[in-house]
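Before any comments, here is the structure.
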Amino acid sequence: MRALQYMRFGGPISLVDLPEPVAGPTDAVVQVTASGLCRSDWHGWQGHDSDVRPPQVPGHELAGTIVALGRQVCGWKVGQRVTVPFVCACGTCGECARGRQQVCARQRQPGFTDPGSFAERVLIPAAQVNLVGLPEQVPDAAAALLGCRYGTAWHGLFARANLRAGQTLAVFGMGGVGLACLQIGRAAGARVVAVDRSAAALDLAVALGASGRVHAAGSAADVAAAVREVAGADVDVGVDAAGSVPAASASVLALRRGGRHVQIGLLPPAAGPAALPMHRAIAYELTLLGSHGIAAHEYPPLLAAVADGELDPLRLITREVDLAAAAVELAGMGSRAGAGVTIVRPAAE
């Protein structure tokens, strides 16, 4: 099969022919019809994730069709349209037993621990636990964005931060995760302030319904003050979707007393220890939350929101590319600012 692969961190990303994946007793093989290009893929290629061991096939957001099933996998059939969370759980550890598959102690992740979805086909381990069937109303390109960006945003805002209608949400970073947070927050009845350095990203955020916009210039304290001014008050929930210490600090400083900060964006090791304003966390009794993906059993309300048109991931998509073009797009993510999301179509010529 054709796939993208890199042999060393930061090295060339090449279009190669690799052996077909073979399903073990509990696995499935999925023909990939759409895969999201995410900044986490760039972090993996750069060596910022300790789970990645080159040679590696990147890609962790996917939708497609089952083409093979292990003999122990029940309730699924070849030809069925599916997606998966980027955290593939084992289904048997203590966290899985508690329903917290997104932090499974033995998790596997396409594109990080395992070969990923920038390929024509991908192996899904523990398929019984991780496969998610797709309604007819949810197209493959939209479904591909649920495994990381929309799923992570959904879990972070609801399962972690308990966002409610009428509250104010500040989202720092208008990449894919940030835009998903914006759209989900708006659908939940929250007022959303978008924060980013890119005018194009902020323009897209406003087009998607942001109540206000803040250009992230100056110190964390300056940005937080601008957020509070635009919001008209201290905010209830702040999200760092960018993965930067200044963004996380500004989020904490923008919160009301008793507010909640959600850290979704990955902080690269080169950034060093995250020196957040903990004095504010103490004085205001803030809640600082991590959020890591979504479990497969959390998908039904998210899929229903997409199927009903309450959420529209397709509005985030600005480009669709084949595998060869995806190699160029992935390599350029560290230096090229853009707006919206790129979808990779592995079957495209």
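The values are calculated or read from the model by the stated rules, or taken from the named source; none is laboratory data. Note that this is a predicted model, so its numbers are computed, not measured. Using ideal geometry, Cβ is built from the backbone for each residue, glycine included, and neighbour counts are taken over all protein chains shown.
The table below gives the values:
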| item | result |
| --- | --- |
| Residues satisfying the stated conditions in region 153-198, i.e. more than 19 Å from Gly309 (Cα to Cα) and of a type in the set (S, T, N, Q) | Asn162, Gln167, Thr168, Ser198 |
| Cross-chain or 6+ apart pairs with Cβ under 6 Å, region 27-52 first and assigned by TED's automatic domain parsing to the domain that holds Ala105 and more than 18 Å from Leu145 (Cα to Cα), then modelled with pLDDT of 95 or more and assigned to a helix (DSSP H, G or I) | Asp27/Ala127; Ala28/Ala127 |
| Residue match in region 70-86 (condition: within 29 Å of Gly243 (Cα to Cα) and touching an Asp or Glu at 6+ places or on another chain (Cβ under 8 Å)) | yes |
| Qualifying residue in region 79-99 (condition: touching a Ser or Thr at 6+ places or on another chain (Cβ under 7 Å), among the basic types (Lys, Arg) and assigned by TED's automatic domain parsing to the domain that holds Pro21) | yes |
| Among the residues listed as Leu169, Leu208, Leu179, Leu157, the single one being outside the structural domain of Thr318 (by TED's automatic domain parsing) and touching a Gly at 6+ places or on another chain (Cβ under 6 Å) | Leu169 |
| Some residue of region 187-202 being charged (D, E, K, R), modelled with pLDDT under 95 and more than 19 Å from Pro313 (Cα to Cα) | yes |
| Whichever residue in region 106-153 is in contact (Cβ under 8 Å) with a residue 40 or more places away in the chain, surrounded by fewer than 24 Cβ atoms within 10 Å (Cβ to Cβ) and not in a loop (DSSP other than H, G, I, E, B) and, among such residues, is farthest from the chain's Cα centre (by Cα) | Gln128 |
